[in-house]
Amino acid sequence: MDIRKKCQPHLWLLTGTGEGHAFAKSLLKEGWKITVSVVSERASIPYEKLNLEKILIGALISEEDIRSVIFNARNNHGGFHCVIDLTHPFALKITSAISNVCKQLDQPFIRYERPKNKISNAFLIKKFSDLGNYNLKNKSILLALGVRSLREALLLLRDSGANVYARVLANPESIKKALSSSIIHTNFAVLNPSGSSNGKIEQALIRRWAIDGVICRQSGGANEMLWHRICSSIGIDLWLLERPCKYENINSIDSYDKLSEKLKSINML
């Protein structure tokens, strides 16, 4: 069956994870038309070689922003067959906003939720204050969880007597926020994890700073798996900031195969 002959063969993918590019590429092979949303010019680069209908660049700040994209699609090409949320597991506000708008507009919606990795020997914490349950005095701790949480984690770790270091993503916003925080400027490194997926740079940082433990988010992606592997091989501690609970009233899928089947079922309605 050629889905391009069906009504509304157009999908809107909101991406913020590494799976976004792979899903878009596979959906294109299946015959879908794709519009992709990314938060920055840098995030759009992997999609530029794909045969997409459109790349929308910039953060969707409000429900009105989301509603506007859906209405424009309906006015210009008959609308989206489905909106697919591939944003980060910790991006709580955007997922709730997308879900709400889609319900209001009777717009089919699918949320992709990464399966959780096995925790192995890592410590799971619900919030940063849980770090107070561990003796971190004079320990060198590396933060690998994004600059949005940097200030909060930094203050709590300093109160516990730890020496704090951070890995900061190579983009202007992250660097600016790191510089404006109270972290010592020689205690953070700027790098792009996607360019160092073998972990050699991360391991070099651990050796240079004599790191005793790493804190990252339970994101379920390649970055989390990388820290599991590195910490296990070197024999240092790993703390995972627990992923938020599943959203109420939002049915999610956890694989591309399930997404494909879900889209076909929508197609037959």
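The values are calculated or read from the model by the stated rules, or taken from the named source; none is laboratory data. Since the structure is predicted, the reported quantities are computational estimates derived from the model, not experimental observations. All Cβ positions, even for glycine, are placed from backbone atoms using ideal geometry, and neighbour counts span all protein chains on display.
When you look at Leu143, is it at pLDDT below 90 and either farther than 16 Å from Asn223 by Cα or assigned by TED's automatic domain parsing to the domain that holds Arg217 (or both), yes or no?
Values: at pLDDT below 90: no; either farther than 16 Å from Asn223 by Cα or assigned by TED's automatic domain parsing to the domain that holds Arg217 (or both): yes.
Against the criterion (at pLDDT below 90 and either farther than 16 Å from Asn223 by Cα or assigned by TED's automatic domain parsing to the domain that holds Arg217 (or both)), Leu143 does not qualify.
Would you check if there is a residue in the stretch 235-249 being more than 30 Å from Pro9 (Cα to Cα), assigned to a helix (DSSP H, G or I) and assigned by TED's automatic domain parsing to the domain that holds Arg148? Steps first, please.
Going through the stretch 235-249, the residues more than 30 Å from Pro9 (Cα to Cα) turn out to be 235-245.
Those left that are additionally assigned to a helix (DSSP H, G or I): none.
No, the stretch 235-249 contains no residue that is more than 30 Å from Pro9 (Cα to Cα), assigned to a helix (DSSP H, G or I) and assigned by TED's automatic domain parsing to the domain that holds Arg148.
Would you confirm whether or not the stretch 251-258 contains a residue that is surrounded by fewer than 20 Cβ atoms within 10 Å (Cβ to Cβ), at pLDDT below 85, assigned by TED's automatic domain parsing to the domain that holds Leu86 and more than 22 Å from Ser140 (Cα to Cα)? Spell out the reasoning first.
We begin by selecting, within the stretch 251-258, every residue surrounded by fewer than 20 Cβ atoms within 10 Å (Cβ to Cβ); these are 251-258.
Narrowing further to those that are at pLDDT below 85: 251.
Going one step further and asking which of them are assigned by TED's automatic domain parsing to the domain that holds Leu86, we end up with 251.
Now drop any that are not more than 22 Å from Ser140 (Cα to Cα), which leaves 251.
Taking every residue of the stretch 251-258 in turn, at least one turns out to be surrounded by fewer than 20 Cβ atoms within 10 Å (Cβ to Cβ), at pLDDT below 85, assigned by TED's automatic domain parsing to the domain that holds Leu86 and more than 22 Å from Ser140 (Cα to Cα).
Name the single residue, out of those in the stretch 13-26 being touching a helix residue (DSSP H, G or I) at 6+ places or on another chain (Cβ under 7 Å) and either of a type in the set (Val, Ile, Thr) or outside any helix (DSSP H, G or I) (or both), that is modelled with the lowest pLDDT.
For the stretch 13-26, the residue satisfying everything is Gly18.
For residues that are of a type in the set (Phe, Trp, Tyr) and farther than 13 Å from Phe80 by Cα, scanning just the stretch 5-57, find the one that is surrounded by the fewest Cβ atoms within 10 Å (Cβ to Cβ).
The selected residue is Tyr47.
Being modelled with pLDDT under 90, at negative phi and aliphatic (A, V, I, L, M) narrows it down to one residue among Ala91, Ala97; which is it?
Ala91
Kindly provide the set of residues from the stretch 250-263 that are more than 16 Å from the chain's Cα centre (by Cα) and part of a strand (DSSP E or B), ordered by number.
Once the filter is applied, which keeps residues that are more than 16 Å from the chain's Cα centre (by Cα) and part of a strand (DSSP E or B), the stretch 250-263 yields nothing.
Scanning for something over 26 Å from Ala162 (Cα atoms) and part of a helix (DSSP H, G or I), does the stretch 219-230 turn up at least one residue?
yes
Among the listed residues Leu156, Leu124, which satisfies the condition of being touching a helix residue (DSSP H, G or I) at 6+ places or on another chain (Cβ under 6 Å), surrounded by fewer than 19 Cβ atoms within 10 Å (Cβ to Cβ) and either in contact (Cβ under 8 Å) with a residue 40 or more places away in the chain or in the same structural domain as Glu202 (by TED's automatic domain parsing) (or both)?
Details: Leu124 fails: touching a helix residue (DSSP H, G or I) at 6+ places or on another chain (Cβ under 6 Å).
Of the residues listed, the single one that is touching a helix residue (DSSP H, G or I) at 6+ places or on another chain (Cβ under 6 Å), surrounded by fewer than 19 Cβ atoms within 10 Å (Cβ to Cβ) and either in contact (Cβ under 8 Å) with a residue 40 or more places away in the chain or in the same structural domain as Glu202 (by TED's automatic domain parsing) (or both) is Leu156.
Which strands (runs of 3 or more DSSP E) does the stretch 104-172 wholly contain that include 1 or more residues that are aromatic (Phe, Trp, Tyr) and closer than 25 Å to Gln203 by Cβ?
Because the criterion is at least 1 residues that are aromatic (Phe, Trp, Tyr) and closer than 25 Å to Gln203 by Cβ, the strands (runs of 3 or more DSSP E) in the stretch 104-172 that meet it are 123-125, 163-169.
Please verify whether Ile230 is touching a Gly at 6+ places or on another chain (Cβ under 7 Å), buried (at least 18 other Cβ atoms within 10 Å of the Cβ) and at pLDDT 90 or above, treating the condition exactly as stated. Talk me through it step by step, then tell me what you get.
Values: touching a Gly at 6+ places or on another chain (Cβ under 7 Å): yes; buried (at least 18 other Cβ atoms within 10 Å of the Cβ): yes; at pLDDT 90 or above: yes.
So Ile230 fits the description; yes.
Of (1) surrounded by fewer than 17 Cβ atoms within 10 Å (Cβ to Cβ); (2) at pLDDT below 85; (3) part of a helix (DSSP H, G or I), Leu269 satisfies all except one. Which?
Of (1) surrounded by fewer than 17 Cβ atoms within 10 Å (Cβ to Cβ); (2) at pLDDT below 85; (3) part of a helix (DSSP H, G or I), only one is false for Leu269: (3).
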